[in-house]
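Worksheet: the structure to be examined is printed underneath.
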2 protein chains.
Amino acid sequence: MAISMYQITIPVFTRALNNLSAILNKGAAHAEAKKIDPSVFINSRIAPDMFPLARQVQIATDAVKGCAARLAGIDIPSFEDTETSFPQLQERIAKTQAFLNSITEAQLEGSEGKTVTLKIRGNDVEFKGLPYLSGVALPNLYFHVTTAYAILRHNGVELGKMDYLGGN
Amino acid sequence: MAISMYQITIPVFTRALNNLSAILNKGAAHAEAKKIDPSVFINSRIAPDMFPLARQVQIATDAVKGCAARLAGIDIPSFEDTETSFPQLQERIAKTQAFLNSITEAQLEGSEGKTVTLKIRGNDVEFKGLPYLSGVALPNLYFHVTTAYAILRHNGVELGKMDYLGGN
């Protein structure tokens, strides 16, 4: 059984975003039940100089749409980063999922060895597809999903590890 | 260029643990500089019913040694979960790294299709090697490394995303 780039990208990204969506839904439901202004959660941070919840969701979606597009050799869909509510964040996740669903196995075939260029602090940095996925995109995705989870947990939302790991 | 299970496990695990080790070193240095009892950090949590820092490190190491051993079809090294200090956590990471370094490419060859059995809440759950890696082991690893990072950030330790993503 050969391992394809598709297998270790699209379904993995989709699952992480599905879990992020479910985590945000629990946050929104908790805010409603406790009569907490949802923007308190949306703007909450783990540290004063870390990004708030909304930005965590934006970057998580950026990580996967950027990775999928670069590996497929197509333009990265650009979103405006203006989300300020749970429904808007869900819409961003849904738009990202729709983009991921549009990527075919053929588009990613052989992309493990493809050269991709990232702008990092103003400099162009080149990666091969597989080390980019394993060393940048996936850890980055999980960093921001976990931080979104941690922000909501810190604020009393009842979440467990299975909300993060999810099924499929 | 074919993708091997070795490529997407051992070097990825090693890099995440190297970064975790560096993050903990910054935590220890911050405690020393600010004359904070290191056990305050070791026992700190993001939420009262989340695990403290020490346990995050234990589970992160468990995630990778369990995955590597199951895929290789060898016994999982057992550690006692008694660490209560930064040096002891570093020692646990070093022991895990030594185990990862002992795994050869040949031992993991073809393990993407291998059946592995996990005990989840008392039940045996079967996975194939690749979905186990992509859907359980990797997200779990990054969850606990990110949570360790978040605990220290929340406590004022100066860390940035590059400490988490690391080089190699």
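Quick notes on this structure:
- At 7 Å out from Cα toward Cβ: A:G156 inter-copy label distances (nm, ascending): 2.6
- Area buried, chain A against chain B - accessible surface, total, 1.4 angstrom probe, square angstrom: 3200 Å²
- Backbone amide hydrogens, once placed in the peptide plane, bring A:I3 within less than 5 Å of B:I3, excluding anything fewer than 5 places away on its chain.
- Rounded to the nearest 10 Å², the accessible area of B:S134 at probe 1.4 Å: 20 Å²
- Dipole of chain A computed with +1 at Lys/Arg Cβ and -1 at Asp/Glu Cβ about the Cα centre; of A:L89, A:F127, A:G167, farthest Cα towards the positive end is A:G167.
- Amide H contacts under 5 Å for A:N155, placed H, 5+ residues apart: none
- Of A:E109, A:E80, A:E126, the residue with the greatest mean-square motion in the GNM of chain A, using alpha carbon springs below 10 Å, is A:E80.
- Comparing B:A69, B:A94, B:A33 in a Gaussian network model of chain B where C-alpha atoms under 10 Å apart are linked, the largest mean-square fluctuation is found at B:A33.
- Between B:T14 and B:I76, the FRET efficiency estimated from the beta carbon spacing at R0 = 22 angstrom works out to 0.80.
- Backbone HN-Hα couplings from phi across the range A:74-86 [Karplus 6.51/-1.76/1.60, Hz, Gly and Pro as x]: 10, 5, 7, x, 9, 10, 7, 6, 10, 5, 10, 9, 4
- Å² of accessible area per residue within the protein assembly as shown, as computed with a 1.4 Å probe and no ligands counted: 44 Å²
- Measuring gaps between exposed loop sites in chain B (trypsin sites (Lys or Arg not before Pro); DSSP loop; at most 11 other Cβ atoms within 10 Å), the longest gap, sites not included, is B:36-120.
- Debye, to nearest 20: dipole size of the protein assembly as shown, +1 on Lys, Arg Cβ, -1 on Asp, Glu Cβ: 380 debye
- Highest-fluctuation residue, A:I46, A:I120, A:I103 considered, GNM on chain A with Cα pairs under 10 Å: A:I120
- The distance linking the range A:110-146 with the range A:1-47 is 21 Å (Cα centroid to Cα centroid, whole angstrom).
- In the range B:12-120, a dipole from Cβ-located charges (positive for Lys and Arg, negative for Asp and Glu) runs towards its positive end, and of B:A29, B:V57, B:G110 it is B:A29 whose Cα lies farthest in that direction.
- Taking other residues whose beta carbon is less than 15 angstrom from the beta carbon of A:L20, and scoring Lys, Arg as +1 and Asp, Glu as -1, yields +4.
- Shape call, the protein assembly as shown: gyration tensor on alpha carbons, a/c limit 1.5: rounded
The values are calculated or read from the model by the stated rules, or taken from the named source; none is laboratory data. Computed from a prediction, not measured in an experiment: that's the story for all the values here. Every residue, glycine among them, receives a Cβ derived from its backbone with ideal geometry; neighbour counts consider all protein chains shown. With ligands, DNA and RNA removed, areas are computed over all heavy atoms of the protein, side chains included. Shrake-Rupley method; radii C 1.70, N 1.55, O 1.52, S 1.80 Å.
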